1. Where in the stretch 29-68 is the amide nitrogen less than 18 Å from a point lying 7 Å along the Cα-to-Cβ axis of Leu175?
2. Sticking with the crude label model, points 7 Å out along Cα→Cβ, report the distance from Val160 to Lys187 in nm, one decimal please.
3. Which of the pairs Lys66/Lys161; Lys26/Lys125; Lys125/Lys161; Lys125/Lys187; Lys26/Lys66; Lys5/Lys176 have their Cα atoms more than 32 Å apart in this structure?
4. Assuming a ≥ b ≥ c are the square roots of the Cα gyration tensor eigenvalues, decide whether the stretch 119-198 counts as rounded (a/c under 1.5), prolate (otherwise, with a/b larger than b/c) or oblate.
5. Can you give the helix-only mean residue ellipticity at 222 nm for the chain, where every DSSP H stretch with n ≥ 4 adds -39500 (n - 2.57) and the sum goes over all residues, rounded to the nearest 500 deg cm²/dmol?
6. Can you give the FRET efficiency to the nearest 0.05 for Ala76 and Asn12, using r as the Cβ-Cβ distance and R₀ = 41 Å?
7. In percent, how large is the relative contact order of the stretch 8-213, given Cα pairs closer than 8 Å and 6 or more residues apart?
8. Please list, by residue number, everything in the stretch 144-167 whose backbone N is under 19 Å from a paramagnetic label point 7 Å out along Cα→Cβ of Lys26.
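The numbers here are math on the coordinates, done by the rules we state, and not lab data. Note that this is a predicted model, so its numbers are computed, not measured. Ideal geometry is used to build each Cβ from the backbone, glycine not excepted, and the neighbour counts take in all protein chains shown.
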Amino acid sequence: MYLVKTPTFIQNLFPNFTWRIPNAEKIIYLTFDDGPIPEVTPWVLEQLRAYDAKGTFFCVGENVQKYPDVFKQVLAEGHTVGNHTYNHLAGWQTDNIPYFHNVRHCARQVNSDLFRPPYGRLKPKQAQFLQRHYRIVMWDVLSGDFDASITNEQCLQNVVKNTQAGSIIVFHDSLKAEEKLRFVLPKVLKHFAAKGYRFEQLQNTADLDMRKTA
C-alpha cells in the first residue's frame, strides 16, 4: 500500500523534509531512485537529454561502486545525485547506528548532502540525526513504476493527474521498474514539455560549491 499523492497533512507533519518546491513557474523535479545500473540509467539519460531536462538520481552506494562509469555519466550530463543508503536499507527494520553507518558508507561513494530514505521510511531518531547532516528529500508524487499490479497506463496517469508546478516525482532506474519506466518517462516528458514545463534538478551544497570554484 502506498500513496500516489502525498497528502498535505503528512507533509505538514514533517516540515523539515523537502516534499515539493513551491514556485510560481512551471518547473517540476524528476527524481530516480535505486540506480545507477547499466541496463536502465543510460536510457534514462538519453530521454532527459532529448528534452534538455535535468534530474536528480538518488543512488544506492553499492551500485555506484559496481558501475562507476554509469555514475560518472550521470554527473557528466549535469544531473544531481543524492544518497539512497549503501544497499537500499530499510530504516524501520534497522537499528539506528548500523543505519547511520550504511548512509555514511554511501556518502563515501556519492558526494551529496541530499538524502532519500528507501521506502520513504525513517524512525524518529534516525530522522532527527540525519537532518543535521543532510537535506531529506521525499516527494509529493509517487509514480508506482515499481508496482506490478498496475498497468503502464495507470502508472502514467498517476503522474499526469497528480503533478503540479513544484512537484517532486519519484521514478526508479531499476530492473524492477524498467518496463513501466520505459513506457511512462517519454510520455511524461512530452506531455509536460508541451504544456510549457521545465524539468530541473534539485541542488545540493556540493554542486553549488563546485560551480562557485569552477
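1. 33-44, 60-68
2. Roughly 0.6 nm, to one decimal.
3. Working: Lys66/Lys161 36 Å; Lys26/Lys125 36 Å; Lys125/Lys161 35 Å; Lys125/Lys187 40 Å; Lys26/Lys66 37 Å; Lys5/Lys176 21 Å.
The answer is Lys66/Lys161; Lys26/Lys125; Lys125/Lys161; Lys125/Lys187; Lys26/Lys66.
4. Working: a/c = 2.66, a/b = 1.57, b/c = 1.69.
Cα axes put the stretch 119-198 in the oblate bin.
5. Details: 9 runs with 89 residues, N = 214.
The helix-only estimate for the chain comes to -12000 deg cm²/dmol at 222 nm.
6. On the way: r = 38 Å, r/R0 = 0.93.
Approximately 0.60, to the nearest 0.05.
7. Details: 388 pairs, mean separation 65.6, N = 206.
Answer for the stretch 8-213 is 32 percent.
8. Correct set: 159-167.
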